[in-house]
Amino acid sequence: MDNDKRKWLVLTVIVMKIVMDGLDGSMLNIALPTISQNLGVTSGAVIWIVSAYSITTSTLILFFGRLGDIVGKTKFYLVGVAVYTLSSVFGGLANSLSMLVIARIVQAIGTSCTMANSQGLITMVFPQSERGRAMGIYGGAVSIGLLAGPTLGGLIIAYLPWQYMFLLKAPVTLAALLLGLRCFPKEKAPERRETMDYPGALLYAVAIVSLLYSMQGGYAAGYTSATILSGLALSLVTFSAFFAMQRKKAMPLLDLGLFKNPIFSVNVLTAFIQMFTMGFGNIIIPFYMQGVLGTPVGLAGLYMTVSPVIVLLVTPVSGILTDKIRGDALSLAGQILNFLGLMLMATLTVNSPVIVMIMYYCVISFGNALFNAPNNTHIMSNVPPDKLGIGGSASMCIRNIGMTLGVAFTTAVLYGGMSKVLGYHVTGYEPGGGQEAAFMYGMRNTFLIASGICLIGIAVTVAWIIAVNRKRRSEQQA
């Protein structure tokens, strides 16, 4: 098989899997209210279906990225697809919250393998001149899942048991696995013998699980409770030990030298902020549409497809433009649009038409579409060839941590605002229970805070662009 054909087949497999990842989020988000009612759990408890997946992915992605550099990205990517396929069947058999959370944890293990090595594989098989285009297609593939997810999820919830949201993905990922076994490149053994930093991996796992678990469960238990404070203290101690160990290791789990490159560091930071703010809308909007506005679940899913269409159309174009012009301008424009969209979302009321909300969310989606391709390209193009696995996994890990912390922060601000209005502690929103005004107060606060956090990313990008322009002018004068 010639290399030109192989690289596009490799991208096809990665696209098939990332589409399923997009379906994971969009279908589940639209179905959370229904799953909550079907399983007899609160809206606060059902969030763990999302959080358990995010925490597990954030915990393992560095580990599998490093293993990808040591053993081979191809092997771990294909193992991840196989695990994901089996866990989809397991999720389809779940009949309780605990079973579903376990299925999501296993699913996250498979996703960690693929996420950790997908960008490294793309960077490995595509030359620099085509990398932006490939990354644009990669980013657009997420939107295909997001596009189909709300409609498909709404139809499943309306006519079938919600378990089919998992069962329908298994045949697709099985096909991706069979194609990947045929077309993925065989990697050469590393020039030097690499070893896994198992003590570092253990410290990192303890640190990230204690942090994310404490942040996610902090609102329900109380952030001043002994359990939550102990978790945060454990996270601080183990993170300190982890970074101290990584600086001394000859072959660390996380190569801190990557962050000495300012382009890599700036783009990883802005990616974290972008994903953090995305966590706000992903959790709130389904409850706002179905609980406050009374939109039927099937129709809500159909409405939600408008936003991913924009991402699907814009992201590949953004990738092509990244190959032709400076990507920092596209990245900044995307962040500004995200900020404006978040501010607009804060103006919604209990009487706002659904179409207005969708239009505001489309502004956010357009911003994310402009941002992702240049951001991914800047990150992966500034990683040494022998560090593609850990570079890509570090990038995806930080994005996942940003999303998970965004979900936890959203929960705390939303339900904290509701508790303030209602005068008693609430950990969930019950549609039709007279809590609409309290929900809107909490929702407004979350989007205002998210827009403020987005401004930090804009400031970082502006400072970076100014510094780069100054350096170029100095070089030209010299």
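The values are calculated or read from the model by the stated rules, or taken from the named source; none is laboratory data. Values in this document were obtained by computation on a predicted structure and should not be read as measured data. No Cβ is skipped: glycine too gets one built from the backbone with ideal geometry, and neighbour counts run over all protein chains shown. The accessibility values were calculated without ligands, DNA or RNA, using every heavy atom of the protein model including side chains. Shrake-Rupley method; radii C 1.70, N 1.55, O 1.52, S 1.80 Å.
General remarks:
- Per residue, the chain reaches -28500 deg cm²/dmol at 222 nm when only DSSP H runs of four or more residues are counted, each adding -39500 (n - 2.57).
- Helix 170-183 and the longest principal axis of the C-alpha atoms of the chain enclose an angle of approximately 0°.
- Euclidean distance of C-alpha centroids, the range 375-408 and the range 61-134, integer Å: 14 Å
- Cα convex hull volume per residue for the range 369-418 (Å³): 71 Å³
- Accessible surface, the chain, averaged per residue in Å² (probe 1.4 Å): 39 Å²
- Ala158/Met359 FRET efficiency (R0 22 Å; Cβ-Cβ; nearest 0.05): 0.35
- In angstrom, the C-alpha Rg and Dmax of the chain are 21.6, 70.
- Of the accessible area of the chain, computed with a 1.4 Å probe over protein heavy atoms only, carbon and sulfur atoms account for 68 percent.
- Heavy atoms of Ser230: accessible area, 1.4 Å probe, square angstrom to 10: 70 Å²
- Acute angle (nearest 10 degrees) that the helix 226-248 long axis makes with the longest principal axis of the chain, alpha-carbon atoms: 10 degrees
- Given charges at beta-carbon only (K, R positive; D, E negative), |dipole| of the range 21-146 in Debye: 180 debye
- Protein-only accessible surface order, largest first, of Glu475, Glu436 at 1.4 Å: Glu475, Glu436
- Distance cut-off 15 Å, percentage of C-alpha pairs in the range 394-462 lying past it: 60 percent
- Relative to the longest principal axis of the Cα atoms of the chain, helix 262-287 runs at roughly 20 degrees.
- Within the same chain, lysines fewer than 8 places from Lys249 are excluded, and of the rest, those with a Cα less than 19 Å from its Cα are Lys260, Lys387.
- Taking the chain and dividing mean pair separation by its residue count, relative contact order in percent (alpha carbons under 8 Å, at least six apart): 24 percent
- If only the Cβ of Lys and Arg carry +1 and only the Cβ of Asp and Glu carry -1, the dipole of the chain around its Cα centre is close to 1080 debye.
- Per-residue 3J(HN,Hα) values for the range 359-373, derived from phi via the Karplus relation 6.51 cos²θ - 1.76 cosθ + 1.60 with θ = phi - 60°, read 4, 5, 5, 5, 4, 4, 5, 4, x, 5, 5, 5, 6, 5, 4 Hz in sequence order (x marks Gly and Pro).
- Dipole axis of the chain (+1 Lys, Arg; -1 Asp, Glu on Cβ), positive-most option in Met343, Ala244, Ala205: Ala244
- Full extension of the chain between Gln37 and Ala241 yields a length gain of 69.1 nm, computed as 0.36 nm times the residue separation minus the alpha carbon distance.
- Equivalent ellipsoid semi-axes, the range 278-414, via Cα gyration tensor eigenvalues times 5, rooted, Å: 31, 18, 13
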